[in-house]
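The values are calculated or read from the model by the stated rules, or taken from the named source; none is laboratory data. Everything numeric in this text was worked out from a predicted model, so none of it was measured. Note: ideal-geometry Cβ built from the backbone for every residue, glycine included; neighbour counts use all protein chains shown.
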Amino acid sequence: MKKRKLHHTFDKNVDHQIEDLEQEIGSLLDEYDVEYPGEEQIIMTIDAMKPYVPVRKNKWRTVLRGMTAITKQAYQEIFYMSSLFWIANGLLIAAALSGVLLMKADPYAMVMMFAPITTIMGLIEVLKSRNAGMAELEMSYKYNFQEIMLSKMLVVGGFNLVINLLITLSLGMFYQEILIAKMLLFWITPFTFIAALSLLFVSRYRQIYAITAGMVIWLTVSGYLSQPQIIEKLESLPAELYVTASAVALILSLFKAVHIYKRGVLYEVNH
Amino acid sequence: MPEDEQLVKEILAGSQAAMEVLTRKYYKQIFAYVYRKVGNKETAYDLTQEIFIKVIQRIQSYSNKGKFSSWLYTIAVNHCRDYWRSSDFKQTSKLAELNEALVCDKSHVPYIFERKEIREQVKTAVSTLPEHQREAVLLKYFHHMKIKEIADVTETNVSTVKSRLHQGLGKLAKLLKRGVEDEEEKTTPYF
């Protein structure tokens, strides 16, 4: 009993001495910082590890698991989108509706012109630094960068869908002669096309200024497309052509999304 | 953290994304430990990579027995011990000694480099500690581990860890205080 007590006293003394020593030399030890490897080197390590990841037993189950993770993450991303994104898009609906209702602009041309703008604006959100803020940092402990990026793209795409359906339905209520199917086709085609281009773009370039360039290019193109004679030509094109173009763009988007998910983003920049 | 166990489950199901998340989460911590243990950036990078490959190769043997981070650190500690005994280490340490000698030759260090000089002193002092003492000091001071956790990671008992810490920190205090006094003598102007 006495021996045990002595041992306990000795342990307590050592604990105090350790604490004292730590305090004594702590400020000096703090100077021993570490120069960490760069992102490229970390990616090299991750790539070296990939062959050792256990082989998936069921491919479809893994795909489903990945999609579930992205959808879950997308739900959280809604709350992290900046207020500027929502305000800008609110103004966009107002501009599209007032363009058609007050200025008597062609509804099909208007829908075609505005369809990709939400996506282009959303790219700013997608390209924001992934380490901006604790919330994003916390997420990076649960999801990898590809998952975060694809989930943001899902939010942007989903929001575009809602916003354009709203515009289409609102215009449909005011103009009985409007063909809803035609409106949807005029929206879906540029939207899928721009979505495919966006996925290609975000996997290769991460500069925000390039988005401004993209926006200017699209506004110039849409300015040209909104000319009456061009609209007439576009409207005379067979619906099959729009459907085919949309299908091709959709397949490209899906292919690119899977590619980003599997290979990563910086990987492509470096190779 | 419960997320770690979830990520391990996903890795076992074949998710490379989960592997990437888990690696990124612990990469810097493990690199820092290895770097301070071996004192060389290139070697630390190679060893860190080998550690993570070992982790993924043995991931099936991790069965939520304890914290994932403790399991990871155990692998890191053992891998560094293996390296310490290898011939690779003996070759690299000779080169490091040479570099160290070159650094020490620069006796008149300007004031702005004083902090760098202190860092080098700490680095040298840490490298003079016996392996087990160094492990205990690094895990306690730089990785904020509790003594019980250090004992688990280094596969020893609490009293041994305390003794190693006590001796290790004591040696560092002596070495570093002497170093600082030498530095002060160097920078004190003569009248």
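Considering only residues in the stretch A:16-39 that are assigned to a helix (DSSP H, G or I) and facing another protein chain (nearest Cβ under 7 Å), the one that is farthest from the chain's Cα centre (by Cα) turns out to be A:Gln17.
Identify, please: which residue in the stretch B:126-173 is among the charged types (D, E, K, R) and in a loop (DSSP other than H, G, I, E, B) and is, among those, nearest to A:Asp20 (Cα to Cα)? Per the stated criteria, the residue is B:Lys146. In the condition set (1) surrounded by fewer than 17 Cβ atoms within 10 Å (Cβ to Cβ); (2) assigned to a helix (DSSP H, G or I); (3) hydrophobic (A, V, I, L, M, F, W, C), A:Ile42 is compliant with all but (1). In this structure, is B:Thr43 over 22 Å from A:Leu29 (Cβ atoms) and in a helix (DSSP H, G or I)? Judged against the criteria, B:Thr43 is not a match. Considering A:Ala74, A:Ala88, the condition of being assigned to a helix (DSSP H, G or I), more than 9 Å from chain B (Cβ to nearest Cβ) and touching a Ser or Thr at 6+ places or on another chain (Cβ under 8 Å) is satisfied by A:Ala74 alone. Scanning the stretch B:25-40 for residues that are in a helix (DSSP H, G or I) and either more than 7 Å from chain A (Cβ to nearest Cβ) or in contact (Cβ under 8 Å) with a residue 24 or more places away in the chain (or both) yields a total of 10.
Number of residues in the stretch A:110-135 that are part of a helix (DSSP H, G or I), of a type in the set (D, E, K, R) and at pLDDT below 55 equals 0. Being surrounded by 16 or more Cβ atoms within 10 Å (Cβ to Cβ), outside the structural domain of B:Gly66 (by TED's automatic domain parsing) and at pLDDT 90 or above: is that true of B:Val158 here? Criteria not met by B:Val158. Taking (1) in a helix (DSSP H, G or I); (2) under 25 Å from B:Thr74 (Cβ atoms) in turn, B:Leu176 satisfies each apart from (2). Across the stretch B:41-68, the qualifying residues are those that are more than 21 Å from A:Ile43 (Cα to Cα) and among the polar types (S, T, N, Q), and the one among them that is nearest to the other protein chains (Cβ to nearest Cβ) is B:Gln60. Of the residues screened, B:Glu100 is one that is assigned to a helix (DSSP H, G or I), within 19 Å of the chain's Cα centre (by Cα) and modelled with pLDDT under 90.
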